[in-house]
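Here's the structure, in structure tokens; my notes come after.
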Amino acid sequence: METAFTDKDTYQDIFDPEGYLNTYYNPKTGILVLDGFLDFALKKLHEAFDKRCVRGKTLIDIGHGPTIYQDLSACESFEEIIGADYTDRNREYYERSLRDEPGTFDWTDAIQKVCAMEGKGMTVEEKKEKLKDTVTKTLKCDVLNSNPLEPLVLPQADCVMSLGCLECACSDLDTYRKVLKNVSSLLKTGGHLIIAEILNCSSYLSGGKRFSCLVLTEDFMRSAITEAGYEIVDLEVIYRKYDKDQYELCDHDSSLFVLARKIKDL
């Protein structure tokens, strides 16, 4: 179901972190829980950081929104995680979640799964402390800028990660290609890019508001990432279970995870 492009200022004005989390990540009813995306993402992130040994000094988490699950494995492999998001509400909610403030979303289920995969006997509380200690800050970020973090200029990172963000920030496929190059400017040659997106989605409902989504395919993602100067290390797609009620909320048919290594600057 198509909808007009949702620009960044609309996100700044009306995006509701709690409404989004309840719709998509509620352990019992969340769309991205029931369709398998969350478990898929946790598994692939664990594989990337633990089994494929993606590690280093700094990881930048682009467009983290109000979620922290994507950093649970990363905090074991990087000395520092820097968050980055466009909206003030998301950055504030992300920081509150890292501090585990009362009233913030309960990520216990996801944390338990990650701790079990890691097999080190770490408790939920220990993982929360590790994550809080590793994420040093979250910065204003606009992926449409050639330097997404301007006016700041940071040393290039060892890993840049973006889950479920870029397809919402881009109005068309050419813009997506440009945004990949913008994001790539933050990453060292030889460093790793991690991207997860939902595919063939035109819009999604959150907090009673409908937001646009750029329709992406596996073939486009393969070509765009390669053209941006990367070698794909791992790419996997999972297909969602069809549920008519959920489909009306978010019309994607599959989800994609990519791990790529930057081989050149463009």
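The values are calculated or read from the model by the stated rules, or taken from the named source; none is laboratory data. Nothing here was measured: the structure is a model prediction, and the numbers come from that model. Cβ atoms come from the backbone with ideal geometry, glycine included; neighbour counts cover every protein chain shown. With ligands, DNA and RNA removed, areas are computed over all heavy atoms of the protein, side chains included. Shrake-Rupley method; radii C 1.70, N 1.55, O 1.52, S 1.80 Å.
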| said: With +1 assigned to the C-beta of every Lys and Arg and -1 to the C-beta of every Asp and Glu, and no other charges, what is the dipole magnitude of the range 1-70 about the Cα centre in debye, to the nearest 20? | reply: 620
| field | Simple Cβ-charge dipole of the chain, Lys/Arg +1 and Asp/Glu -1, about Cα centre, in debye nearest 20 | value | 620
| Reachable lysines from residue 181, criterion Cα separation under 20 angstrom, eight or more residues apart if same chain | 8, 140, 262, 264
| Over the Cα atoms of the range 92-166, how large are the radius of gyration and the largest Cα-Cα distance (Dmax), in Å? | 15.2, 42
| query | Can you give the calculated 222 nm mean residue ellipticity of the chain, where each DSSP H run of n ≥ 4 adds -39,500 (n - 2.57) and the sum is split over every residue, rounded to the nearest 500 deg cm²/dmol? | reply | -10000 deg cm²/dmol
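Rolling a 1.4 Å sphere over the protein heavy atoms, what is the accessible area per residue of the range 166-255, to the nearest Å²?
Heavy-atom SASA per residue in the range 166-255 reads 41 Å².
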| Taking the Cα atoms of the range 143-195 alone, what are Rg (to one decimal) and Dmax (as a whole number) in Å? | 10.8, 30
| field | Amide H contacts of residue 106 (H built 1.01 Å from N, under 5 Å, at least 5 apart or other chain) | value | none
| In 5 Å bins starting at 0, how do the alpha-carbon pair distances of the chain split up by percent? | 1, 6, 14, 18, 22, 19, 14, 6, 1, 0
| remark: Whole-percent carbon and sulfur contribution to the accessible surface of the chain (1.4 Å, no ligands, DNA or RNA) stands at 49
| request: May I ask for the Rg/Rh ratio of the range 88-135, computed from Cα atoms with Rh as the Kirkwood radius, given to two decimals? | output: 1.00
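Based on the Cα gyration tensor of the range 17-119, what are the three equivalent ellipsoid semi-axes, each the root of five times an eigenvalue, rounded to whole Å and given largest first?
Computed over the range 17-119, the values are 21, 18, 12 Å.
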